[in-house]
Amino acid sequence: AQSVTQLDSHVSVSEGTPVLLRCNYSSSYSPSLFWYVQHPNKGLQLLLKYTSAATLVKGINGFEAEFKKSETSFHLTKPSAHMSDAAEYFCVVSRYSGGGADGLTFGKGTHLIIQP
Amino acid sequence: ETGVTQTPRHLVMGMTNKKSLKCEQHLGHNAMYWYKQSAKKPLELMFVYSLEERVENNSVPSRFSPECPNSSHLFLHLHTLQPEDSALYLCASSQVFLSSNYGYTFGSGTRLTVV
């Protein structure tokens, strides 16, 4: 079985300050891990993905995440928050890596609030 | 637009109504999915189609009936729903059948309210 835990349901930061959204996972297999963002009234957009290549993954809009196997973590970071980053963020783990997956397991989401 | 289009964007229906949600993609993807997003809960996978064949039915009640007439279109037929079925229904597609390496492309969803 696999699971995803997003450690914070809400994160509030000031514009221009760093962002850290935390995610821990458990998986019996070498996982593929993803971060998705959902803006209000929109679908989910893929930010970045880890699929057993480089452990530091760079995504769109200045976000990056580091896969740490020893800590079973895949935290999302951004050096400087922008007002447009306000959204819901989902950490996702696949059951398998490289195909034949049985679907994705989603975290409950972290609501990112950007203070002006 | 992401390449996956869902209609309608909003739907209000009574418990005795029959309605359908539509999803369309022209990305050349071979797999399509229905997810349910309820408040305070993780996304739930409902159905998976690969090359128009259903390959996953995640213990979804029979009042939800999917249909995939071709690789570009996916429907979710609804009948005799319950208020707890109110949620955002998301359609997604992927290039290869359930291969997470490519990521999924999501539509903007249909916000369903059952009254």
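Throughout, read-outs are computed from the coordinates displayed, never taken from laboratory work. These numbers were taken from a predicted model, which means no experiment stands behind them. Don't worry about glycine lacking a Cβ; one is built from the backbone with ideal geometry, like all the others, and counts go over all protein chains shown.
Here are the numbers for this structure:
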{"read-out": "Label point 7 Å beyond Cα of B:LEU51 along Cβ direction - residues of region B:66-96 with amide nitrogen under 15 Å", "value": "B:70-72, B:95-96"}
{"read-out": "Cβ neighbours within 10 Å from other chains - mean over A:80-93", "value": "1"}
{"read-out": "Taking N as its residue count, the alpha carbon Rg of the protein assembly as shown over 2.2 N^0.38 Å", "value": "1.01"}
{"read-out": "Partner chain coverage, peptide B:35-46 - average Cβ within 10 angstrom", "value": "4"}
{"read-out": "For chain B, share of DSSP beta bridges that run antiparallel, in % to the nearest 5", "value": "90 percent"}
{"read-out": "Relative contact order of chain A, defined on C-alpha pairs under 8 angstrom at six or more residues apart (%)", "value": "36 percent"}
{"read-out": "Relative contact order (%) - chain B, alpha-carbon pairs under 8 angstrom, separation at least six", "value": "37 percent"}
{"read-out": "Calculated P(r) tail over 13 Å for region A:1-67, as whole % of Cα pairs", "value": "72 percent"}
{"read-out": "Projected-area average for region B:7-115 over all orientations - Cα convex hull basis, square nanometres", "value": "6.3 nm²"}
{"read-out": "Simple label model, 7 Å out from Cα along Cβ direction - B:GLN82 to B:THR7, nm", "value": "3.2 nm"}
{"read-out": "Against the rule of thumb 2.2 N^0.38 Å, how large the Cα Rg of region A:5-116 comes out", "value": "1.02"}
{"read-out": "DSSP-defined beta bridges in the protein assembly as shown - what % are antiparallel, rounded to 5", "value": "90 percent"}
